[in-house]
């Protein structure tokens, strides 16, 4: 059932500022990582991905950084806009299992 | 881009009844589909992996007799919540993997909100 009292980590930024959302992943054998955006009541939406043989990948207004040494992933959003307000999840794909495991999520709140 | 649909988008049912949720890949054939559940303010938890033409693989702690999965065709997987109880109320999301794509990316459906009264 539902868990009472859980709160997503929240990042509050001003419109136009850059946002950095962090994620720690668990499996050093994971070979593929994805960032998803989820708006309320909707399914996850793909933002950007990165393979384990890379440490940085850029998209439109977004950059993903991968630090395998400390098992850390980050998503940078440039010039954050109100439409970026959502919950952001990182996900890792296990090389052995070929399944996606999602992180806990971060709520990005963009203040106009 | 690849599109995955779910039906219904929301459903309310009485305790003890069964509910079927459909997941369809609209413009590609998906040999593998996944079912997740998500409680409010929580992450997506993988329930099972659905492979076309074979039995689903359930994650630890997920009751296979309660959550029946059928992947009857390359574009359709169904999740049936049997003898639903209020604690089954959740947001159920499916995803599909396009074997013609890079191999790892999953395309997610819009989710189905289940409320059991």
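The values are calculated or read from the model by the stated rules, or taken from the named source; none is laboratory data. None of these values were measured; they are calculated from a predicted model. Cβ coordinates were reconstructed from backbone atoms using ideal geometry, including for glycine residues, and neighbour counts include every protein chain displayed.
Brief remarks on what is shown
- When residues of the range A:9-54 are limited to those that are without any contact (Cβ under 8 Å) to a residue 60 or more places away in the chain, part of a loop (DSSP other than H, G, I, E, B) and farther than 28 Å from residue B:5 by Cβ, the one farthest from the other protein chains (Cβ to nearest Cβ): A:28
- Candidate set from the range B:100-117 (those that are assigned to a loop (DSSP other than H, G, I, E, B) and more than 8 Å from chain A (Cβ to nearest Cβ)); member that is modelled with the lowest pLDDT: B:103
- Among the residues of the range A:94-112, those that are at pLDDT 90 or above and either part of a strand (DSSP E or B) or surrounded by 18 or more Cβ atoms within 10 Å (Cβ to Cβ) (or both) comprise A:100, A:101, A:102, A:103, A:105, A:106, A:107, A:108, A:109, A:110, A:111.
- Scoring residue B:84 on the criteria (1) under 23 Å from residue B:30 (Cβ atoms); (2) modelled with pLDDT of 95 or more; (3) more than 10 Å from chain A (Cβ to nearest Cβ) leaves a single failure, condition (1).
- Looking only at the range B:1-20, residues that are more than 13 Å from chain A (Cβ to nearest Cβ), under 14 Å from residue B:89 (Cβ atoms) and assigned to a strand (DSSP E or B) come to 4 in all.
- Lone unmet requirement of (1) closer than 20 Å to residue B:36 by Cβ; (2) out of contact with any strand residue (DSSP E or B) (no Cβ under 8 Å at 6 or more places or on another chain); (3) at pLDDT below 95 for residue A:42: (3)
- Any hit, the range A:81-88, residues being in contact with a strand residue (DSSP E or B) (Cβ under 6 Å, 6 or more places away or on another chain), in contact (Cβ under 8 Å) with a residue 60 or more places away in the chain and within 14 Å of chain B (Cβ to nearest Cβ): yes
- Filtered by the rule that a residue be surrounded by fewer than 17 Cβ atoms within 10 Å (Cβ to Cβ) and under 17 Å from residue A:100 (Cα atoms), the range B:46-56 gives a lone residue, B:51.
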